[in-house]
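Notes follow once the structure below has been shown.
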């Protein structure tokens, strides 16, 4: 079984040759000093070494042994704690944090590349630090001075890990149904009581403390989502006492065995309010775009890990004669020479490379939205992130699972057994279609909240920007991208004139609308990749095997609007 | 967790109201006495009870405990042996066998319905008897009188279970590479030596003996597939001595834990030649159509099992408000009222119901091919089976996995944990895309061996028959089916005139050609279902959510032919 290997040069090619990310970042005063391509390449090289040498080898024991629960405590798989301690001490969690919070002030996109690789190397292990960024942003933006002083640097550096305690047994996608209670205490804190489920890293032995961010209801709260407030409850208080937060059990799951999914019981556990009463969901949504982009990159990374395994196997394994010239010295040809296998592998490359272009671009836009001196440019960048993030999260996690299953198929029966590690990727990747908002929620979010709510203005602006970028591109890939963007634009026009915003039809095709957006964005990404002379067969695979879906989905949305 | 329940009335509806299977079967002298719908309904009722009460409850322990290996022996999960002993003693394996071999002489389609249900209820357990039919057919057609006398009735009745030992570590899809040797012994038997892998039920405690059918090479055999002969080696000889066949280990798999997948070592194990030297693959292919139809029905059954779980959950689980009138007494609506969820569930019904129509029809054609007095009708039925079986195997096992994953999505995070049993179906179903010939092999088989090899004549004949069946059908479903069949016909014409039979392009789109065939057949099935007033939303779901793919795939094949 070959372990995943990150390729820093591939990431650098996308960042600098395809996206010219350094030019954009150099214009942001807060990042200009750290936007040098050579510096960024060095960081990527170091990150690649850490991921490949320290984290990747723990992936299989993470699956086979898994996190173990006993009597309220969770023991992580062998090697997990040491790797995590090395990780935070080397400063990786704080890579893109501001220096004043213990960070290194590097562009967000480097953090995103790092998380793509970590997820590809060891999805289970990566779940733990994956939540740090959202949690520290939340504390930074919404925590009062006392909370910030106590918790911000510890969480930002990763010395203490964090959780998001949102879901309850009866409240999943619909958090407004949550019932956990928070009762004021005389000392200004609150006593939290209730049960939270599906809490990733709710209990473990990776870090010396765990900081829980918890949605709960104050006694006078209105029903529904507007009655939710956000609280912080640590595993241990500053004086070393343990809080009344108990891990009741961990779930038996399809995969992701290296990450404990905990049922957490709060027994009048004392904690602090974060932000204003009734604004809990808003505080949570602050971290949503970055967290969803993380998940999109998990999809890209897991797909790349699956492709690496299948590509290597297809070059070694010989079965039957392929069409074309034969090697008479061997009884059969490598299966990569069979056109159906080559198509399958190339199709994953079409998704991986375009996914990187779009996700890295989105990570750059996150920095632009934060740091650009021009408010109009910040707003525009914010629109990009709001629109593109749900598309990436849904389409690339769908593809991670589907593509990993396709890659398993390359191994035949050998893929179904544990031996080569490919079936683990299928099992692990499945969860990314569910968490951080199911992919159906992403589609609803895109169509209703991000597109229809402003009558398509933000999306129109985004499409105009991409069309302008394609001006003068006389390549076939450029022409295809213009067609793709026009198809999406056509749906926008149809939506504006249909007046059917509340119809059931539209709810039923939100997923198809998201696919059209994904494929149109992908066509733009491939125009950019072709312009930069990207190596490999991805461009052809995109044209022949992926692109035809766009017309089909476009027709399905169109049909729903006239039905 | 709700266990799967077979619904005999649903099967009867397809058999009698949609397909009028009793009319066709009544015309076959060998089956006429047993083609009475009332008799068949009684058999289905009894089968449903056995499956639901005896086999279904063992599914979860089968996954969680699984088959256990120790020191050459395999212990099956609790309850498996008792259920199997009850199964064969009640005569279920021999349902469709001729009375002279201990069978009941009932139509093959009843056996197929039984196996659909068994697979849905407990895929792992069903693997064991699933191989009996091919093995007994093989012994019946190719075994000499002595072998038949010793083994046929034992295998036909299921008192002894059987295996097919084909795959070797370096020889999977390409069996011609197999190296296991067979050396003649003085007593007329042969000593077999070699290692076979992926042997389902190679060792277990379900039955008192196990009969292995093994592909191996005689000393003077030519290289490649024409050098393979078939042999029979039992676990125990008649005198009670154990043969030199050793189970070395069982595989750790993604799913199907209730079925031991064995590595079998043959150490000069004595056995008998079955059929002629060098004709081993032919003897194996005898059982291929029936075995592949079994696997297609596993797909249908597993998809139905997944749908049953998701449908029940979606009626109970309330999250968020759905479009349309609201029930103010509840804080949220059942998720089945969300259009995206309803679409997802209805789409599975579109596949399940059409899959049953096509698979049950194919099972009837198997009997026609065997028993019709008219040689022209027998030949026509043989063409149906040869053409439709690979389509059903590939398209419905793909859908079983994809659809089970879709059904998992209905549960959100609750689907990813073991609790509801849906993730087991995703894991179990994945293997059906691989075994009995991978789905890529099915596509190659269809396009190159079944269609291009006779220049499309058999497929043209099949399409003419279906078109004739639609004559006078003025419904929208009938019109759609005519369009579907015409699209497939158009590809046939294009293939005939392209002269590109050997091109790489064609190899790359064999899977798309199979999808066009699947969707065209499905459109015919839905025309028949609509004609019989099938209940539910399947017809609409087929039209809106499944049918659009046909044009896309048609375009992809067309494009490859002109490229």
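The values are calculated or read from the model by the stated rules, or taken from the named source; none is laboratory data. Since this is a predicted model, take the numbers as computed values, not measurements. Here the Cβ is made from the backbone with ideal geometry for all residues, glycine too, and neighbour counts use every protein chain on show.
Numbers for the structure displayed
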item: Wholly within segment A:392-471, helices (runs of 4 or more DSSP H) carrying at least 3 residues that are surrounded by fewer than 22 Cβ atoms within 10 Å (Cβ to Cβ) and more than 11 Å from chain B (Cβ to nearest Cβ); result: A:457-470
item: Residue check for residue A:491: more than 12 Å from chain B (Cβ to nearest Cβ) and either in contact with a strand residue (DSSP E or B) (Cβ under 7 Å, 6 or more places away or on another chain) or crowded, with 17+ Cβ neighbours inside 10 Å (or both); result: yes
item: Within segment A:198-207, considering residues that are at negative phi and within 21 Å of the chain's Cα centre (by Cα), the one surrounded by the most Cβ atoms within 10 Å (Cβ to Cβ); result: A:202
item: Scope segment B:525-563; condition more than 14 Å from chain A (Cβ to nearest Cβ), buried (at least 18 other Cβ atoms within 10 Å of the Cβ) and free of Cβ contacts under 8 Å to residues at least 60 places away in the same chain; matching residues; result: B:527, B:530
item: Scope segment A:323-366; condition in a loop (DSSP other than H, G, I, E, B) and either within 14 Å of another protein chain (Cβ to nearest Cβ) or within 15 Å of residue A:545 (Cβ to Cβ) (or both); matching residues; result: A:323, A:324, A:325, A:326, A:328, A:329, A:330, A:331, A:332, A:333, A:338
item: Which numbered condition residue B:138 misses (of (1) buried (at least 21 other Cβ atoms within 10 Å of the Cβ); (2) within 20 Å of residue B:222 (Cα to Cα); (3) within 29 Å of the chain's Cα centre (by Cα)); result: (2)
item: Residue in segment A:175-191 that is more than 14 Å from chain B (Cβ to nearest Cβ) and touching a helix residue (DSSP H, G or I) at 6+ places or on another chain (Cβ under 8 Å) present; result: no
item: Given (1) buried (at least 23 other Cβ atoms within 10 Å of the Cβ); (2) closer than 18 Å to residue A:444 by Cβ; (3) more than 14 Å from chain B (Cβ to nearest Cβ); (4) more than 22 Å from the chain's Cα centre (by Cα), number of the condition residue A:517 does not satisfy; result: (4)
item: Entirely in segment B:475-563, the helices (runs of 4 or more DSSP H) that have 3 or more residues that are at pLDDT 95 or above and in contact with a helix residue (DSSP H, G or I) (Cβ under 6 Å, 6 or more places away or on another chain); result: B:476-498, B:510-531, B:538-541, B:548-562
item: Test: residue in segment A:277-284 that is at positive phi and either more than 11 Å from every other protein chain (Cβ to nearest Cβ) or crowded, with 19+ Cβ neighbours inside 10 Å (or both); result: yes
item: Residue count, segment B:251-289 (criterion: assigned to a loop (DSSP other than H, G, I, E, B) and farther than 23 Å from residue A:253 by Cβ); result: 8
item: Tally of residues being part of a strand (DSSP E or B) and either farther than 23 Å from residue B:284 by Cα or touching a residue at least 40 places away in the same chain (Cβ under 8 Å) (or both) across segment B:222-244; result: 8
item: Residue that is nearest to residue A:82 (Cα to Cα), among those in segment A:208-221 that are touching a residue at least 40 places away in the same chain (Cβ under 8 Å) and crowded, with 22+ Cβ neighbours inside 10 Å; result: A:210
item: All positions within segment B:232-250 that are in contact with a helix residue (DSSP H, G or I) (Cβ under 8 Å, 6 or more places away or on another chain) and buried (at least 20 other Cβ atoms within 10 Å of the Cβ); result: B:232, B:234
item: Qualifying positions in segment B:151-174 - in a loop (DSSP other than H, G, I, E, B), surrounded by fewer than 20 Cβ atoms within 10 Å (Cβ to Cβ) and away from every other protein chain (no Cβ under 14 Å); result: B:159
item: Selection status of residue B:306, over 26 Å from residue B:195 (Cβ atoms), within 14 Å of chain A (Cβ to nearest Cβ), crowded, with 22+ Cβ neighbours inside 10 Å and in contact (Cβ under 8 Å) with a residue 60 or more places away in the chain; result: yes
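This table checks each residue for (1) farther than 30 Å from residue A:381 by Cβ; (2) crowded, with 21+ Cβ neighbours inside 10 Å.
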{"residue": "A:11", "(1), (2)": "no, yes"}
{"residue": "A:21", "(1), (2)": "no, yes"}
{"residue": "A:26", "(1), (2)": "no, no"}
{"residue": "A:75", "(1), (2)": "yes, no"}
